[in-house]
């Protein structure tokens, strides 16, 4: 029953994507390359949205885990704006053998009207150690709330004097002790830099600036370098190259692939690429990652740099050990 539903859903989303292709042209029409498929093996996508969620998604967590393993992925980390994912990751690992599946927790209204350090502590200590990221507020963030002109103040990360709130500091301390990711969520670029400075003081080793190339969170190259100098990893998401008119997210302006390439070239040693996919009416995450890899290679980004962005750096953030080189790879290094 589940497989049949999965196939029907796949056909539905594929049809939607095909319609977008006709309406929008590239990048949907770009054929995948063998080089992209080779790099796909070993990918760690640490920003994927899937069902169950508060919105309809093009994939569900268990089905995607099977698909990702089949495509050769090394790991995936799920993100839900309103529900924890690490508990389900524990069960998914029992169903999908030899696959690294992780979850995360967002500090949105589901855990209170303030950043909830107790919720973060419990998530970080849950069985299996599979919560690998605590995100600051996303859809309920004070910054997004203000930017969209919504009533209410949203959930803040800074006080009126631009100091990091005590509860946010506590979450940083929890992430530092557990050696997991502290991510800025939907904080503003300015807030993200203030958070980065405080995270360095606290000793957070895995501080991430979330989708620094996306919409109202887009940072300047100078801001990106400042964040990296403070010890941050910078996340660049491929979603902005896929949304826009005629898609499931028509309210956003599509990012040219040349602009996406310019972002990932800024400081790749402190960056990584995620898809941020799973939305209906947008290519599915594996298809999107394949397109992303192909796009970066076509933009003149080296295989070594792409490997760093989609394999090595996200694997490091997940705490995965470097994979041993094959005999062939060792020979290439001599």
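The values are calculated or read from the model by the stated rules, or taken from the named source; none is laboratory data. If you're wondering where the values come from, they're calculated on a predicted model, not measured in any experiment. Note: ideal-geometry Cβ built from the backbone for every residue, glycine included; neighbour counts use all protein chains shown.
Of the numbered conditions (1) outside any strand (DSSP E or B); (2) under 21 Å from residue 208 (Cβ atoms); (3) under 19 Å from the mean Cα position of the chain (by Cα), residue 88 satisfies every one except a single condition; which is it?
Tallying (1) outside any strand (DSSP E or B); (2) under 21 Å from residue 208 (Cβ atoms); (3) under 19 Å from the mean Cα position of the chain (by Cα), residue 88 fails exactly one: (2).
Specify which of the listed residues (61, 67) is at pLDDT 95 or above and more than 23 Å from residue 125 (Cα to Cα).
Working: 61 fails: more than 23 Å from residue 125 (Cα to Cα).
Exactly one of 61, 67 is at pLDDT 95 or above and more than 23 Å from residue 125 (Cα to Cα), namely 67.
Does segment 91-106 contain at least one residue that is surrounded by fewer than 24 Cβ atoms within 10 Å (Cβ to Cβ), in a helix (DSSP H, G or I) and in contact with a strand residue (DSSP E or B) (Cβ under 7 Å, 6 or more places away or on another chain)?
yes
Please determine whether any residue of segment 176-187 is in contact with a helix residue (DSSP H, G or I) (Cβ under 9 Å, 6 or more places away or on another chain) and over 19 Å from residue 106 (Cα atoms).
There is no residue in segment 176-187 that is in contact with a helix residue (DSSP H, G or I) (Cβ under 9 Å, 6 or more places away or on another chain) and over 19 Å from residue 106 (Cα atoms).
Can you find, within segment 45-74, the residue that is surrounded by the fewest Cβ atoms within 10 Å (Cβ to Cβ) among those that are farther than 21 Å from residue 279 by Cβ and in contact (Cβ under 8 Å) with a residue 12 or more places away in the chain?
Of all residues in segment 45-74, those farther than 21 Å from residue 279 by Cβ come to 69-70, 72, 74.
Filter once more, keeping what is in contact (Cβ under 8 Å) with a residue 12 or more places away in the chain: 69, 72, 74.
On the way: 69: 18, 72: 14, 74: 20.
Looking at residues that are farther than 21 Å from residue 279 by Cβ and in contact (Cβ under 8 Å) with a residue 12 or more places away in the chain, I get 72.
Residue by residue through segment 193-215, note down the ones that are surrounded by 22 or more Cβ atoms within 10 Å (Cβ to Cβ) and in contact (Cβ under 8 Å) with a residue 40 or more places away in the chain.
Once the filter is applied, which keeps residues that are surrounded by 22 or more Cβ atoms within 10 Å (Cβ to Cβ) and in contact (Cβ under 8 Å) with a residue 40 or more places away in the chain, segment 193-215 yields 195, 206, 208, 210, 211, 212, 213.
How do the pairs read when you match residues in segment 225-248 that are in contact (Cβ under 8 Å) with a residue 60 or more places away in the chain and at positive phi with residues anywhere that are surrounded by fewer than 18 Cβ atoms within 10 Å (Cβ to Cβ) and part of a helix (DSSP H, G or I), using Cβ under 8 Å and keeping only pairs 6 or more apart or on different chains?
Every condition considered, the pairs that remain are 244/24; 246/19; 246/23; 246/24.
Give 275, 247, 305 a once-over and let me know the one that is over 29 Å from residue 131 (Cα atoms) and touching a helix residue (DSSP H, G or I) at 6+ places or on another chain (Cβ under 8 Å). So that I can check it myself, show each step before the final result.
Details: 275 fails: over 29 Å from residue 131 (Cα atoms); 305 fails: over 29 Å from residue 131 (Cα atoms).
Result of the check over 275, 247, 305: 247.
So which residues in segment 253-271 are in a loop (DSSP other than H, G, I, E, B) and touching a helix residue (DSSP H, G or I) at 6+ places or on another chain (Cβ under 6 Å)?
So the first thing to find is which residues in segment 253-271 are in a loop (DSSP other than H, G, I, E, B), and the list is 253-256, 265-267.
255, 266, 267, listed by residue number.
Output the number of the condition that residue 151 fails; it satisfies all remaining conditions of (1) surrounded by fewer than 21 Cβ atoms within 10 Å (Cβ to Cβ); (2) modelled with pLDDT of 95 or more.
Every condition holds for residue 151 apart from (2).
Quick check on residue 173: is it surrounded by 16 or more Cβ atoms within 10 Å (Cβ to Cβ), at pLDDT 95 or above and not in a loop (DSSP other than H, G, I, E, B)? Quick ask: steps written out before the conclusion?
Working: surrounded by 16 or more Cβ atoms within 10 Å (Cβ to Cβ): yes; at pLDDT 95 or above: yes; not in a loop (DSSP other than H, G, I, E, B): yes.
Here the answer is yes, as residue 173 does meet what is asked.
Given the criterion under 23 Å from residue 116 (Cβ atoms), touching a strand residue (DSSP E or B) at 6+ places or on another chain (Cβ under 7 Å) and modelled with pLDDT of 95 or more, identify the matching residue among 192, 166, 162, 214.
On the way: 166 fails: touching a strand residue (DSSP E or B) at 6+ places or on another chain (Cβ under 7 Å); 162 fails: touching a strand residue (DSSP E or B) at 6+ places or on another chain (Cβ under 7 Å); 214 fails: under 23 Å from residue 116 (Cβ atoms).
After applying the criteria, what remains is 192.
If you check residue 5 against the conditions, is it modelled with pLDDT of 95 or more and either touching a strand residue (DSSP E or B) at 6+ places or on another chain (Cβ under 7 Å) or outside any loop (DSSP other than H, G, I, E, B) (or both)?
When the stated conditions are applied, residue 5 does not pass them.
Are there any pairs with C-beta distances below 8 angstrom linking a residue in segment 77-98 that is at positive phi to a residue that is at pLDDT 95 or above and in a helix (DSSP H, G or I), with the two at least 6 apart or on different chains, and if so which?
98/69
In segment 272-284, which residues are buried (at least 24 other Cβ atoms within 10 Å of the Cβ) and either assigned to a strand (DSSP E or B) or at pLDDT below 95 (or both)?
Within segment 272-284, 272, 273, 274, 277 qualify.
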